[in-house]
Number of protein chains: 2
Amino acid sequence: MTADCSFLTDLALADDQVSFADGRRESHATDWGTEHNDHESGVLPDAVVWPGSTDDVAAVLAAATDRAVPVTPYAAGTGLEGNAVPAHSGISLDLTRMDDVVDYRPDDFQIDVGPGIIGSDVDEYVAADGLCFPPLPSSGDISTIGGMIATDASGMQTVRYGEIADWVLGLEAVLADGTVIETGSRASKTSSGYNLTDLLVGSEGTLAVVTEATLELAGRPEQIRGGRAIFETLDDAAEAIFDAIRSEIGVARIELVDGLSARMANDYLDTGLPDAPMVFLEFHANHGIGEEIDLCRAIFEDHDVARFEISGDDAEMETLWQARREMAYAVANYDPDRDPLHPGDVTVPISSYPEIVRETKRLADEYELLAPCYGHAGDGNLHYTVLVDPDDTEQVERGEALYRAIVERAIALGGTATGEHGVGAGKQRYLEPEHGAGAVETMRTIKRALDPADTLNPGKIFPETADGGRIGNPKS
Amino acid sequence: MTADCSFLTDLALADDQVSFADGRRESHATDWGTEHNDHESGVLPDAVVWPGSTDDVAAVLAAATDRAVPVTPYAAGTGLEGNAVPAHSGISLDLTRMDDVVDYRPDDFQIDVGPGIIGSDVDEYVAADGLCFPPLPSSGDISTIGGMIATDASGMQTVRYGEIADWVLGLEAVLADGTVIETGSRASKTSSGYNLTDLLVGSEGTLAVVTEATLELAGRPEQIRGGRAIFETLDDAAEAIFDAIRSEIGVARIELVDGLSARMANDYLDTGLPDAPMVFLEFHANHGIGEEIDLCRAIFEDHDVARFEISGDDAEMETLWQARREMAYAVANYDPDRDPLHPGDVTVPISSYPEIVRETKRLADEYELLAPCYGHAGDGNLHYTVLVDPDDTEQVERGEALYRAIVERAIALGGTATGEHGVGAGKQRYLEPEHGAGAVETMRTIKRALDPADTLNPGKIFPETADGGRIGNPKS
C-alpha cells in the first residue's frame, strides 16, 4: 500500500529536493544488510526528500504527521539491520545534504555538525588543531554522524574511547509534529532535567529526526604503535584478550580474527601467514607506551603467543593490520557460491568473551556451516558471519537457525543482541528476550507519547503486532 | 493538605518499616540545602516507609498510585536542591535499608548494589581487588548510590573519570504502577532499544524508583601524586586551569579556591598560608606521572604561579589539600551572623571558566555581598556561595538577586544551572531558560506518559503551574 505524498510539492522545497522517481526510491530501500539478503528488502518509499535545513525537516514532519504519512530517515545507507530501510511506504528523508560544520570551538574540544556529515570528515576537519573524533565505527569514512547517532554506533577504538553516545554533548532534533528541540548542554556535565540526548542517541529515528549534533573531541595521542599477534588456538587468543583487558593495558584497539577468517584473509590477500587466530593491536599513550606493550607481550606469552609484532612505523603498522582491514571483503569474496547471512554483531561481558567465541565455533560445527568471526574483542564484541548458499533453501534455514542460536547464547551470557548496529528490522525478535516485557513496554510508552501518530520510522525496533498493525495508530 | 496513608498498615510490611511519628516525618522533610534555608523547607510527609526489597517498593508504589498518594524517594538527605524533600504530602520512601552488595563480578569490573549503599562503601568493597568506583561526589562517604543516580552526581574526579551516568551500566527500577523493569546490559556497550538507563539517571525519582544498580568499576592508578598551587590573581589561576585542561594534562582532580575562600579556610584552619587563589591538584597515571606534573608546572609558571607543591607522600598530600577538604565548613563557620544562601553549583564550557569566575566576583562586588567560590574547575564547575544575614530581609533579597544573576550568567555562557546537584525544587526557574520550551515540554510528555497519576516525587524538576496545580493530575 502506498501513501499519497503529493503534498510535498506544496511545501517550500526546491525541485531538486523532492523525487518520486523509481531509481531514487529504489536506492533508498536498501542498506548494507539488506543488500546481502534480498528476501529482507524493505518497502519502496513513495518519495525521497532531501532537506537542506532544520526548517525543511520541520515542514516535512509536520505535514506528514497531519496526513498520517510515515517518514523514514535515511543517510549513507550503511546500516546492517535495515535501520533506515522503510518498513512502510511514505517518505524517505535523506539527510546527506545537511552536512555542514555549523560551529567549531577547539578551545572547548567541541564541534557542531549537521547529521549528513561523513564521520571521517569531522576527524579531518579538526586534525590541524591536534584533535580527533575517536569513537568512529569501521565504516567511519562513508557513514554519516547522523546514522552513527541513530544506532549509537561504535568501533575499534571503543575499548578505549567509548561509543558515540559518550561523545554527543547535545542535539538539535525535530519531533514528529515539527517542534524543534535542543537537548544537552555545552557544559561538559549537567544534571538539569531528563537526559533527552541519550534517549535520542540510539533511537534510530523513531522519536525525532536529529538535525544538528554537538560532538566532543579529544586530543590526538602523542604515541601510537600497532601490530599483530598470532596464536596457536582460538582459546589462547580469547583468553589472552580477556587477561589483557582485565589488566587494563592501554590498548586503543584490540581485535580478534578467528582461524577461519584468517584463512579467508590469507587467501584473499595472499599474505603467506598461517591460517591461525590473530589479534590486532593498537596502543595509544602520551607516555610509557613501551611499558604497555611489554605488559601486553608478557600476558600474551602466558597464552603461548606464536608471533607478536608491534611497530611505530605507519607503513609497517598498515601492513601488519592489512588482514583485519580487508576482513569483510575477504569473507564476502571467499566463496562465490556462499553469501554472508545477516552481517551483524553480538556483545557480551568481557569475562564471557572466551565462551561466546568457543560457543560460536561449536554451534557452527553442530550446524555444519562456515561461521567466520572477528570483532572488537576488547569490549566483548563479536561479528559473526554465517555463510550459506542463497539458492539452497534448506541451507538458508539452517543458517538462520545457527544465527539465532548465536544471538540467544550471547543474551544468555548477559550480553546484547546488538552491540553497535541497532535493532532496526533485523534484531526485533531479541528485544524482549534481552530487556524483558516491562522495559520494552516502557520504551513503547515513550514512543507512543512522543510520536502518537507513529510517523517516525514506523515498524523499527519494536516487533509489529501479529496482525501486522503498527505501533500507535496502525494505518498502512 | 495531608494524604491518607493508613493503607500502608495493610501492606506486607513489618512494624519497623512504617512510621507516622512526627520525629521521623520531620527528619524526612529536610536536606542539606533546606537546612540552610528555613523558608524553603518542604512539606512534611504523612508517613515514612523503609522498603527492604524490590517487592516492598512495588507494593507501596502500586497502592499509592491507586490512591493518588504522592511518594517522594529519600535516602541520605545530602541533596542541595531539595530533591528528596517532599513538595507535597504523602509518603517518604526511605531506601537506606536497601544497601546490599547483590553481586560482584571483579573480572568484568562490575558490581550490583542496592540504592541505599553509601558510595565509599562500594569503593572499599572492591579495593582488595585493586578496583575503585571513581565518580564519587565529595559527599561520597555519606551519600548513597541511589541519591547519586537520582541527581547524576559528580565530583572532584569527574574531570578524568566522568560523572555517575558514565558508570551505570544498568538499573532495576519500579514504575509508578508497581511494574519492575530492568534497563541496560552487562555488556560494556549495547545499541538495543532506547537508553532507559540514562533516562532514569538524573530523573530525581520522578519517573521510577531505582531498586538496584549495576555499576562499572575501574582499576586503581599505579601512580598518584597531589598538591597545591598558589597564584597571585584569580585570573591567573582560572586561565592556568583552562590552559592545563586544553593541554589535556593527566589530572584526576583540579580544584579552584578563590582568595576569599582561601581567607576563610586559612582563618578556620590557621594554615599560615596567604589569602590568595589556590589550585588543588591530583595526578593519576600508570606511567610517566613526572612528565605530566612537569607539563602542568610549566603551564602554571606561564601564569605566574607563586608556589607549586606536589608530593607523592599520602600524609603530605593530605596536608597540602587540607584547605580544600575543609572548604564547606570554613565557609559555613566564617561569620556566625551570615549563612550561605542556597549552596549549589553552575557549570560552563571550559573556555568560559575564567569569565564565569570573573563575573561572579564582579557581581558580588556590585551587590555588595561576600560570595566565596570554589569548585571542580577542570570540568567548568563553580560552587558559589552567597553569604547573607538571614535576619536582614533586604540583604536576603539582595542575596537572592545575586544568586540568580550568577546562574543566569552561566546559562548565557552556554552552561548549565546545575552541573551536579539536579534541579529539585531549587533550580526549577532555570529549566526553561536553559533548555527551551520545546525540550521542557518533551520532558513533561515523558513524565506524564510514565507516571500519569503523578505519584513519583511530584513538584520536582518542573515548575508547578501558576495556580499551584501539579504536573499531570493535580490532586493535593
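The values are calculated or read from the model by the stated rules, or taken from the named source; none is laboratory data. Remember, it's a predicted structure, so these values are computed and weren't measured experimentally. When we count neighbours, we look across all protein chains shown, and the Cβ atoms used for this are built from the backbone with ideal geometry, even at glycine.
Here are a few things to note about the model shown:
- Identity of the residue in region A:439-469, surrounded by fewer than 18 Cβ atoms within 10 Å (Cβ to Cβ) and farther than 23 Å from B:GLU441 by Cβ, that ends up nearest to the other protein chains (Cβ to nearest Cβ): A:GLU441
- Index of the failed condition, A:ASP123 passing every other in (1) assigned to a helix (DSSP H, G or I); (2) in contact (Cβ under 8 Å) with a residue 40 or more places away in the chain: (2)
- When residues of region B:43-67 are limited to those that are within 19 Å of B:ALA453 (Cβ to Cβ) and not in a helix (DSSP H, G or I), the one farthest from the chain's Cα centre (by Cα): B:ARG67
- Any hit, region A:238-248, residues being within 28 Å of B:LEU295 (Cβ to Cβ), under 29 Å from the mean Cα position of the chain (by Cα), at pLDDT below 95 and not in a helix (DSSP H, G or I): yes
- Taking the criterion of being within 11 Å of the chain's Cα centre (by Cα) and acidic (Asp, Glu), the only residue of region A:131-159 that qualifies is A:ASP152.
- Filter result (closer than 29 Å to B:ALA63 by Cα, part of a loop (DSSP other than H, G, I, E, B) and without any contact (Cβ under 8 Å) to a residue 60 or more places away in the chain) within region B:165-202: B:TYR194, B:ASN195, B:VAL201
- Leading residue by the ranking (nearest to the chain's Cα centre (by Cα)) among those in region B:160-196 that are of a type in the set (Val, Ile, Thr) and facing chain A (nearest Cβ under 8 Å): B:THR183
- Against the conditions (1) of a type in the set (S, T, N, Q); (2) under 21 Å from the mean Cα position of the chain (by Cα); (3) more than 16 Å from B:LEU80 (Cα to Cα), B:THR442 satisfies every one except (2).
- Filter pass, B:VAL279 being more than 30 Å from B:THR445 (Cα to Cα), modelled with pLDDT of 95 or more and surrounded by fewer than 24 Cβ atoms within 10 Å (Cβ to Cβ): no
- Test for A:ASP141: is it at pLDDT 95 or above and crowded, with 22+ Cβ neighbours inside 10 Å: no
- Among the residues of region B:277-297, at least one is part of a loop (DSSP other than H, G, I, E, B), within 12 Å of chain A (Cβ to nearest Cβ) and touching a helix residue (DSSP H, G or I) at 6+ places or on another chain (Cβ under 7 Å).
Okay, residues lined up against (1) under 25 Å from B:PHE283 (Cβ atoms); (2) assigned by TED's automatic domain parsing to the domain that holds B:ASN286; (3) within 20 Å of the chain's Cα centre (by Cα):
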position: B:ILE310; (1), (2), (3): yes, yes, no
position: B:ASP314; (1), (2), (3): yes, yes, no
position: B:ARG324; (1), (2), (3): yes, yes, yes
position: B:VAL348; (1), (2), (3): yes, no, yes
position: B:ALA377; (1), (2), (3): yes, no, yes
position: B:VAL388; (1), (2), (3): no, no, no
position: B:VAL396; (1), (2), (3): no, no, no
position: B:ARG404; (1), (2), (3): no, no, yes
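- Residue match in region A:411-422 (condition: surrounded by fewer than 19 Cβ atoms within 10 Å (Cβ to Cβ), more than 11 Å from every other protein chain (Cβ to nearest Cβ), small (Gly, Ala, Ser) and out of contact with any Gly (no Cβ under 9 Å at 6 or more places or on another chain)): yes
- Within region A:395-454, tally of residues that are over 25 Å from A:THR206 (Cα atoms), part of a helix (DSSP H, G or I) and aliphatic (A, V, I, L, M): 7
- Residues that are small (Gly, Ala, Ser) and under 14 Å from B:LEU93 (Cβ atoms) were ranked within region B:1-26; the one that is modelled with the highest pLDDT is B:SER19.
- Count of residues meeting criterion [under 27 Å from A:ASP177 (Cα atoms), acidic (Asp, Glu) and modelled with pLDDT under 95] in region B:439-476: 1
- Taken over region A:333-346, the residue count meeting the criterion of being in contact (Cβ under 8 Å) with a residue 40 or more places away in the chain and over 18 Å from the mean Cα position of the chain (by Cα) is 6.
- Subset of region A:380-405 that is polar (S, T, N, Q) and touching a strand residue (DSSP E or B) at 6+ places or on another chain (Cβ under 9 Å) - its residue that is surrounded by the fewest Cβ atoms within 10 Å (Cβ to Cβ): A:GLN395
Okay, residues lined up against (1) of a type in the set (Gly, Ala, Ser); (2) in the same structural domain as B:THR144 (by TED's automatic domain parsing); (3) within 23 Å of B:ILE142 (Cβ to Cβ):
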{"site": "B:ASP10", "(1), (2), (3)": "no, no, no"}
{"site": "B:HIS28", "(1), (2), (3)": "no, no, yes"}
{"site": "B:TRP32", "(1), (2), (3)": "no, no, yes"}
{"site": "B:LEU44", "(1), (2), (3)": "no, no, no"}
{"site": "B:ASP56", "(1), (2), (3)": "no, no, no"}
{"site": "B:ALA59", "(1), (2), (3)": "yes, no, no"}
{"site": "B:ALA64", "(1), (2), (3)": "yes, no, no"}
{"site": "B:PRO73", "(1), (2), (3)": "no, no, yes"}
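- In region A:213-225, the condition of being crowded, with 24+ Cβ neighbours inside 10 Å, more than 9 Å from chain B (Cβ to nearest Cβ), assigned to a helix (DSSP H, G or I) and of a type in the set (A, V, I, L, M, F, W, C) is met by no residue.
- Residue in region A:109-118 that is over 29 Å from A:ASP56 (Cβ atoms), within 14 Å of chain B (Cβ to nearest Cβ) and assigned to a strand (DSSP E or B) present: no
- Among residues of region B:75-119 being assigned by TED's automatic domain parsing to the domain that holds B:THR144, within 18 Å of the chain's Cα centre (by Cα) and farther than 17 Å from B:ALA173 by Cα, the one that is surrounded by the most Cβ atoms within 10 Å (Cβ to Cβ) is B:GLY119.
- Residues in region A:341-377 that are assigned to a strand (DSSP E or B) and within 14 Å of chain B (Cβ to nearest Cβ): A:GLY344, A:ASP345, A:VAL346, A:THR347, A:GLY375.
- For region B:21-42, the count of residues that are within 22 Å of the chain's Cα centre (by Cα) and over 30 Å from B:TYR403 (Cα atoms) is zero.
- Subset of region A:383-395 (residues that are β-branched (Val, Ile, Thr) and closer than 21 Å to A:ALA330 by Cα): A:THR385, A:VAL386, A:VAL388
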